[in-house]
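Let me begin by presenting the structure, written as structure tokens, before commenting on it.
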Amino acid sequence: MKIRAGIEVSGQSDIGCLRKNNEDSLGYWEPEEDEDFARKGRLAIVADGMGGYEGGQEASRLAVDTLVATYRDYDGNDPQQALVEGMQAAHEEIRRYGISHPALQGMGTTCTAAAIVGDALHYVHVGDTRLYLIRDGQITQVTRDHSYVSRLVEAGMITREEAERHPQRNILTAAVGTMPELIMDSPGRPEPLRPGDVIVICTDGLWGQVQDQEILEAVKKQSAEGAGHDLIQLARQRGGPDNITANILRLR
């Protein structure tokens, strides 16, 4: 697929050091036609599957494929609505698949999808895959984790530092495909973007081992491809207990 000028894109995924297979999936898509590109821009997705050996792998793959297909086929002029419909379609597809494959009961996935349309960032988010925005030497976590410890942090019961070491930090409060109702974050207005901004979408296999400041430093020093490679190696050096995935997009 041809990537239009104006952006540097790197999507990388690694099995990590302890897992037998990679249950993460990632995707990048942009339309062929200029008219469609003006409406839909660029789409980047990261998903972290759960539900055992095969279930997690299938759930994350279905989430990415369904989101891309729904976004691609959307007729309207509202990228945010296209993302919302894509996430809902992914949720229903995974639930259908789980029902028709009883061995995969309980399969589900986190999923964060971002669309860059013109100079605006739209996103939808479920789970604890993270979307970061890096600008002017600062890194900001745009999404909030749908997790038990994140709720404790928001309630002021523990600090962010304590959350990183909390024994229940992997318990999610929302996922795609697991419950009948889907809980997703969808902002009311897009985030304005500037040239030089970097967007990082990554799974907890990365942010769980690497500090936000280290993500910032890696991205500042080099290309998107080099930054992704270095961050994955850093997560592996620290034990790599989970699959490690990052989609990095730098605006020219």
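The values are calculated or read from the model by the stated rules, or taken from the named source; none is laboratory data. What you are looking at is a predicted structure, and each value in this text was computed from that prediction instead of being measured. Here Cβ is always computed from backbone atoms with ideal geometry, including for glycine, and neighbour counts include all displayed protein chains.
Listed by first and then second residue, the pairs linking a residue in the range 65-84 that is closer than 12 Å to Ala113 by Cα and of a type in the set (Phe, Trp, Tyr) to a residue that is outside any helix (DSSP H, G or I) and at pLDDT 95 or above, with Cβ atoms under 7 Å apart and 6 or more places separating them unless they lie on different chains, are Tyr71/Leu43. Checking each residue of the range 214-223 against the condition of being touching a strand residue (DSSP E or B) at 6+ places or on another chain (Cβ under 6 Å), over 26 Å from Ala63 (Cα atoms) and buried (at least 17 other Cβ atoms within 10 Å of the Cβ) gives at least one match. Scanning the range 106-158 for residues that are of a type in the set (Asp, Glu), more than 15 Å from the chain's Cα centre (by Cα) and in a loop (DSSP other than H, G, I, E, B), which turns out farthest from Gln88 (Cα to Cα)? Ranking the qualifying residues of the range 106-158, first place goes to Asp136. Criterion first (within 17 Å of the chain's Cα centre (by Cα), of a type in the set (A, V, I, L, M) and more than 23 Å from Val142 (Cβ to Cβ)) does Leu83 satisfy it? Here the answer is no, as Leu83 does not meet what is asked.
Within the range 160-178, the set of residues being in contact with a helix residue (DSSP H, G or I) (Cβ under 7 Å, 6 or more places away or on another chain) and assigned to a loop (DSSP other than H, G, I, E, B) comprises His166, Gln168, Arg169, Ile171, Thr173, Gly177. Considering each residue of the range 227-243 in turn, at least one proves to be over 30 Å from Pro102 (Cα atoms), at pLDDT 95 or above, out of contact with any Ser or Thr (no Cβ under 8 Å at 6 or more places or on another chain) and polar (S, T, N, Q).
Taking the criterion of being surrounded by 20 or more Cβ atoms within 10 Å (Cβ to Cβ), without any contact (Cβ under 8 Å) to a residue 40 or more places away in the chain and out of contact with any helix residue (DSSP H, G or I) (no Cβ under 6 Å at 6 or more places or on another chain), the residues of the range 116-149 that qualify are Asp145, His146, Ser147. Suppose we keep only residues that are closer than 23 Å to Thr203 by Cα and surrounded by fewer than 18 Cβ atoms within 10 Å (Cβ to Cβ) within the range 56-80. Which one would you say is farthest from the chain's Cα centre (by Cα)? Taking the candidates together, the pick is Ala69.
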